[in-house]
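Below: one structure, written as structure tokens.
The values are calculated or read from the model by the stated rules, or taken from the named source; none is laboratory data. Given the structure is predicted, the values throughout are model-derived calculations rather than measurements. Backbone-built Cβ (ideal geometry, glycine too); neighbour counts: all protein chains shown.
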Amino acid sequence: MKVTVVGAGAVGASCAEYIAIKNFASEVTLIDIKEGFAEGKAMDLMQCASLNGFDTKITGVTNDYSKTAGSDVAVITSGIPRKPGMTREELIGINAGIVKSVSENLIKYSPNVIIIVVSNPMDTMAYLAHKATGLPKNRIIGMGGALDSARFKFRLAEALGCPASDVDGMVIGGHSDTGMVPLIGKAARNSVKVSEFLSEERMQQVVEDTKVGGATLTKLLGTSAWYAPGAAVSAMVQAIALDSQKMFPCSALLEGEFGLNDISIGVPCIIGKNGIEKIVEIELSDAEIAKIKESAEGVKKTNALLD
Ligand SMILES: NC(=O)c1ccc[n+]([C@@H]2O[C@H](COP(=O)([O-])OP(=O)(O)OC[C@H]3O[C@@H](n4cnc5c(N)ncnc54)[C@H](O)[C@@H]3O)[C@@H](O)[C@H]2O)c1
Ligand SMILES: O=C(O)C[C@H](O)C(=O)O
């Protein structure tokens, strides 16, 4: 499998590194607009091959899309990250133009590619990639929910005093500080609902900490996070490569699912060799439905800025 990662910055490089370490892809091409940057990152990563025991060939290229030809999967991380105090939505002015031109360039050389959109504001950027490319809806996947769910599990494990591997939980809705919907009522520790262990107040704290997970890290780091985002993307690419049929919440173009239309937003999806194999319409409580509808209104407001 050939994977292109657009943007060799913090998230792009982290994603390339995790893909290589997991050793499931034959080739990763990093592409960036900054002269020599992707080449440098690729060389640095390739010098890890003998140390970390991977065979994936990583190459870097400056803005030459012919070198991305024949990619099975492309990950778009190009664009600016937020600074402390900013929202993801404030990035739209710069990132929309980047994501549009990158998507168009990618499909010129890789007509069968599956695109994973990471750049923020991610749900709107995924929607834009659909509009710019006209690709079938299974082939454009927004990454947000996989990361938000990992952060939810981290916060749940912290509250429960247990390893994250004991915990199951999912975040749907928009990938924004206010729009995320952590499904706390369904979260469990080894099949036992977390409400058996945690007070209502503590569960609410977990929900709130999860929703501002990205902002909390941005404040600490001075820019947004990259390790968990890179790991989340690589897990999705792996599910495509191995046709795992694994369920991740992803930003998918909806046509009536969950009562929503003409929007890309986080919902549970089965990921396999065709990208989004299926959107899973899980049963939601009335409160959860109200929250996802409110979240969708927020995403639609941001989408309207594209016009
Ligand atoms: N969806 C998520 O869960 C998630 C998680 C983390 C970061 N992000 C987003 O990902 C994006 C990247 O974050 P980062 O921390 O890697 O930023 P970064 O600044 O470290 O890297 C971005 C890279 O994109 C490159 N770039 C800019 N325009 C380009 C173009 N037209 N073609 C190719 N490359 C181009 C830049 O030169 C830079 O190297 C941001 O928008 C950030 O908000 C999203
Ligand atoms: O928080 C951000 O701006 C980056 C990303 O969306 C994240 O959740 O880490």
For the stretch 172-209, give me each residue that is touching a strand residue (DSSP E or B) at 6+ places or on another chain (Cβ under 7 Å), over 17 Å from Glu283 (Cβ atoms) and either among the polar types (S, T, N, Q) or not in a loop (DSSP other than H, G, I, E, B) (or both).
Met180, Arg189, Val194, Val207
Say we look at the stretch 57-76 and pick out the residues that are touching a Phe, Trp or Tyr at 6+ places or on another chain (Cβ under 9 Å) and of a type in the set (S, T, N, Q); which of these is surrounded by the fewest Cβ atoms within 10 Å (Cβ to Cβ)?
Ser66
Here is a list: Ser149, Ser101. Which entry is buried (at least 18 other Cβ atoms within 10 Å of the Cβ) and either in contact with a Pro (Cβ under 8 Å, 6 or more places away or on another chain) or farther than 19 Å from Met247 by Cβ (or both)?
Ser149
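A quick yes/no check of all residues on (1) within 14 Å of ligand 1 (Cβ to nearest atom); (2) surrounded by 14 or more Cβ atoms within 10 Å (Cβ to Cβ):
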{"site": "Asp168", "(1), (2)": "no, yes"}
{"site": "Gly174", "(1), (2)": "yes, yes"}
{"site": "Pro182", "(1), (2)": "no, yes"}
{"site": "Phe197", "(1), (2)": "no, yes"}
{"site": "Glu208", "(1), (2)": "no, no"}
{"site": "Leu217", "(1), (2)": "yes, yes"}
{"site": "Ala228", "(1), (2)": "yes, yes"}
{"site": "Ala235", "(1), (2)": "yes, yes"}
Could you list, in sequence order, all residues of the stretch 210-250 that are in a loop (DSSP other than H, G, I, E, B) and within 13 Å of ligand 2 (Cβ to nearest atom)?
Val212, Gly222, Thr223, Ser224, Ala225, Trp226
Could you tell me whether any residue of the stretch 107-127 is of a type outside the set (Val, Ile, Thr), more than 14 Å from ligand 2 (Cβ to nearest atom), without any contact (Cβ under 8 Å) to a residue 40 or more places away in the chain and not assigned by TED's automatic domain parsing to the domain that holds Tyr65?
no
Specify the residue that is farthest from the chain's Cα centre (by Cα); the eligible residues are those in the stretch 159-171 that are more than 16 Å from ligand 2 (Cβ to nearest atom) and part of a strand (DSSP E or B).
Val167
Conditions (1) touching a strand residue (DSSP E or B) at 6+ places or on another chain (Cβ under 9 Å); (2) closer than 22 Å to Tyr127 by Cβ; (3) part of a loop (DSSP other than H, G, I, E, B); number of the one not met by Asp307:
(1)
